[in-house]
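The values are calculated or read from the model by the stated rules, or taken from the named source; none is laboratory data. The structure presented is a predicted model; accordingly, all values stated were derived computationally and were not measured. We place every Cβ from the backbone using ideal geometry, glycine too, and count neighbours over all the protein chains shown.
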Amino acid sequence: MVLMGALRAALRPRQMDTQVRVARERYRMIVESAIDYAIFTCGLDGRITSWNAGAQAILGYAPEDIVGEPCARVFMADDIVAHVPETEMRAARDGISVRAERWHHRRDGTRFWSSGRMLALRDSQGQVIGYLKILYDRSVEKDARDALEALNAELEDRVTERTLALAAANEKLRAEILERERVGDQIRQSQKMEVIGQLTGGIAHDFNNLLTAILGALEVTRRRIDDTRNLRLIDSAINAAQRGAKLIAQLVAFARKQNLQVAYLSVNTLVEDMRELLERSAGSSVSVVFDLADDLWPVMADASQMQTGLLNLAFNARDAMPNGGTLRIGSANIHVEMAESDLTVGDYVTLLVQDNGTGMPKDVQARLFEPFFTTKDVGKGTGLGLAQVYGFVRQSGGTVRVDSAVGEGTTITILLPRSADIEGDGERVIAPG
C-alpha cells in the first residue's frame with residue numbers, strides 16, 4: 001500500500017505537466033486557428049511577445065518581423081502622440097481590462113477600424129507579466145456606419161434646408177397675403193371715401209344753393225326792417241346761415257369740389273410762420289417739438305388750406321392728450337417706389353403731426369376722415385376738420401396716412417408731391433376734377 005501511494009505521488013506531477021502541455025497546445029491551436037482575429041501578447045516593456053496568424057492576416061506583419069518590436073508599431077500616429085500605448089500599458093500593469101474601438105496601422109500603410117479588448121496576463125502567482133490583445137477588423141462595418149451617418153447628416157441638412165425654404169416661402173406667402181389685404185383695405189377705403197365724397201359734394205352743392213338764396217333773402221329783408229327786435233332776429237338768422245355756409249365749404253373741401261389757390265410753397269416756412277400759434281394753441285400742458293428736415297423739397301399747395309389743416313391736426317392731437325404730453329411736428333423728403341391705391345411713384349414731402357395720447361382703435365381709424373364722424377362729445381366738434389384735410393390733400397395729388405394704437409398715441413402724415421418747378425411759376429388754380 002505504501003508503495004502504491006508513493007507511486008501515485010510520483011506520477012501526479014507528470015500527469016499535471018502533461019495536462020498543462022495539452023492545455024497549452026489546445027490554446028495555441030485555438031489562437032492560431034482564429035484567423036479573423038488578430039491576437040498577440042506584449043510584455044510589460046511594451047514589446048510584442050507572440051503573434052498569431054490572424055494578426056499576420058489583418059496587420060500584414062509576419063511573426064519574425066514584429067515579435068520583439070514595440071506594440072506602438074501598429075498604432076496610428078495620432079494615438080502615439082496621445083500616448084495611447086502607454087495608457088494601455090499602465091492599465092495592464094493595474095490588471096484592468098480595456099475595451100476600445102480605434103484605427104490601427106497596417107504594414108502597407110493602410111489602416112483599419114478595430115474593435116478590440118486588452119486583458120492582463122498573469123503568472124502562476126497572479127502577478128501581471130504582460131497583456132493579451134485581441135483585435136477584430138470592423139472596417140466594413142465602420143465604412144457602412146460612416147456612410148449611414150453621412151447619409152443621415154445629408155438628409156438632416158436637406159430636411160433643414162427644405163424646412164427653412166418652406167418656412168421662408170410660407171413667410172413670404174403670409175407677407176403677400178397681408179400686403180394684398182392691406183392694399184385691398186386701401187382700395188376699399190379709397191373707394192368708400194370716393195363714394196362719400198361724391199355724395200357729399202352733391203348734397204353740399206344743393207345746400208349751398210339753398211343757403212345762398214336764404215342769405216340773399218335775409219339781407220334784402222334786413223334792409224327793409226327798422227324794428228330793433230326784428231333786426232336782432234334777422235342777424236341771428238344770418239349768422240346761422242353763414243355758419244352753415246362754412247360747414248358747406250368744409251364739405252366741398254372734402255368732396256374735392258373747391259378751387260385751390262396753389263403756389264410754390266415751403267412747408268418748413270409755413271410751419272415756422274405758425275410756430276407761435278401752434279405752441280399757444282397746444283396749451284401749457286403740452287410740449288411742442290419741431291423736427292423739420294433740412295433741404296426740404298418745395299411743393300405746390302394752397303397755403304391757406306395747409307394752415308387750416310395743420311391747425312386742425314394740432315387741435316386733435318392736443319385733445320387726445322387730456323393729461324398733457326408731447327406734440328411733434330416734423331417734415332421730411334421721401335421717395336415712393338411702389339404705386340399704391342392712392343399714391344403714384346415719385347418724390348413726396350411729408351408733414352407729420354404726432355402725439356403720445358390716447359390713440360385710436362382700428363375701427364375708428366377706418367372712419368377717421370368721413371364727414372361728421374367724431375369721437376368727441378356733442379358740441380365739441382363737427383367731424384369735418386379731418387375730412388377737410390383729407391379732401392384738400394387728395395385734390396393736391398397727395399394722401400394722408402394714419403398710424404395709431406390705443407394707449408400709444410397717433411401719427412398723422414400728410415404726403416404732398418414734390419414740385420417739379422425749381423423756382424415756382426406763381427399762383428395757379430386747381431379746379432375740381
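Here ALA120 fulfils each of the conditions (1) without any contact (Cβ under 8 Å) to a residue 24 or more places away in the chain; (2) in the same structural domain as ILE35 (by TED's automatic domain parsing); (3) of a type outside the set (S, T, N, Q) apart from (1).
The strands (runs of 3 or more DSSP E) falling completely within segment 383-433 that include 2 or more residues that are modelled with pLDDT of 90 or more and either touching a strand residue (DSSP E or B) at 6+ places or on another chain (Cβ under 6 Å) or buried (at least 22 other Cβ atoms within 10 Å of the Cβ) (or both) map to 399-405, 409-417.
When segment 127-176 is filtered for residues that are under 30 Å from HIS104 (Cα atoms) and among the acidic types (Asp, Glu), the ones remaining, listed by number, are ASP137, GLU141, ASP143, ASP146, GLU149, GLU154.
Kindly check whether there is at least one residue in segment 224-237 that is touching a helix residue (DSSP H, G or I) at 6+ places or on another chain (Cβ under 6 Å) and either in a helix (DSSP H, G or I) or at pLDDT below 75 (or both). The answer is yes; a qualifying residue exists.
Of all residues in segment 53-73 being part of a loop (DSSP other than H, G, I, E, B) and under 20 Å from ARG111 (Cβ atoms), which is farthest from the chain's Cα centre (by Cα)?
ALA62
For residues that are in contact (Cβ under 8 Å) with a residue 40 or more places away in the chain and either among the small types (Gly, Ala, Ser) or closer than 17 Å to GLU141 by Cα (or both), tally how many sit in segment 94-113. Final tally of qualifying residues: 2. The number of residues in segment 293-346 that are among the aliphatic types (A, V, I, L, M), assigned to a strand (DSSP E or B) and surrounded by 16 or more Cβ atoms within 10 Å (Cβ to Cβ) comes to 7. Report, by residue number, each residue of segment 37-61 that is in contact (Cβ under 8 Å) with a residue 60 or more places away in the chain and either β-branched (Val, Ile, Thr) or out of contact with any strand residue (DSSP E or B) (no Cβ under 7 Å at 6 or more places or on another chain) (or both). Those that are in contact (Cβ under 8 Å) with a residue 60 or more places away in the chain and either β-branched (Val, Ile, Thr) or out of contact with any strand residue (DSSP E or B) (no Cβ under 7 Å at 6 or more places or on another chain) (or both): ILE39, THR41, THR49, ILE58.
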